Amino acid sequence: LTIGNGAFNECKGIEEIKLPVQTTRLGSNFISGTAITEILIPKGVVKCGTNGNNRGPLDGAEQLKKVVFEDGTKEILGNICSMGSSMIEEVVIPSSIEKIGMDAFEDCKYLTKVDIPENVIEIGGGAFAGCVRLNEVTFHDNVTETENAEGEKIPFSLTIGNGAFNECKGIEEI
């Protein structure tokens, strides 16, 4: 199931949306201008659209406070939550996540804390850039090895991309 760009744009009466498990693509600004305060992103979402300003599916959802990624999700897509008009205060990242994409949470100015699960091996460039109120980032280091595509055990390593936490002025300790 593909949801197109601006699909529910300015549908101010929509307060809740339950995305079907078959959802694979979310278009840019698809809930812009709605009254939705919380959304669950299904694990089957593997593609998201961006507009000309690299704003993603949740851009313009000015009432959105909480974003939950379904357990079983492996990757948080780049630009999925990036938004200049963001009011997102909380993101729930399940332990199944292995990668946080480039600019995934860029400019989520009201986000104050993030818990990076132990299985994350990559945080893309600019993933949390511009999250100026972000003051608590928790990394879990109890995983010492992981498996490659062939199922072989390999040492665990975490890659943090360029500018991943750029302008996160509230972070004092990691």
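So, in segment 137-170, of the ones that are closer than 27 Å to Asp107 by Cα, touching a strand residue (DSSP E or B) at 6+ places or on another chain (Cβ under 6 Å) and exposed (fewer than 14 other Cβ atoms within 10 Å of the Cβ), which residue ends up modelled with the highest pLDDT? For segment 137-170, the residue satisfying everything is Thr138. Return a yes/no flag: does segment 3-10 have any residue that is surrounded by 15 or more Cβ atoms within 10 Å (Cβ to Cβ), in contact with an Asp or Glu (Cβ under 9 Å, 6 or more places away or on another chain), of a type outside the set (S, T, N, Q) and more than 19 Å from Glu90 (Cβ to Cβ). No, every residue in segment 3-10 fails to be surrounded by 15 or more Cβ atoms within 10 Å (Cβ to Cβ), in contact with an Asp or Glu (Cβ under 9 Å, 6 or more places away or on another chain), of a type outside the set (S, T, N, Q) and more than 19 Å from Glu90 (Cβ to Cβ). Looking across segment 77-99, the residues that are open to solvent by 60 Å² or more (accessible area, probe 1.4 Å) and within 11 Å of the chain's Cα centre (by Cα) come down to Glu90, Lys99.
Return the only residue of Lys74, Lys47, Lys43 being under 15 Å from the mean Cα position of the chain (by Cα), among the basic types (Lys, Arg) and modelled with pLDDT under 95.
Exactly one of Lys74, Lys47, Lys43 is under 15 Å from the mean Cα position of the chain (by Cα), among the basic types (Lys, Arg) and modelled with pLDDT under 95, namely Lys47.
The values are calculated or read from the model by the stated rules, or taken from the named source; none is laboratory data. Source: prediction; values computed, not measured. Glycine also receives a Cβ, built like all others from the backbone with ideal geometry; neighbour counts cover every protein chain displayed. To get the accessible areas, we keep the full protein, side chains included, count just its heavy atoms, and leave off ligands, DNA and RNA. Shrake-Rupley method; radii C 1.70, N 1.55, O 1.52, S 1.80 Å.
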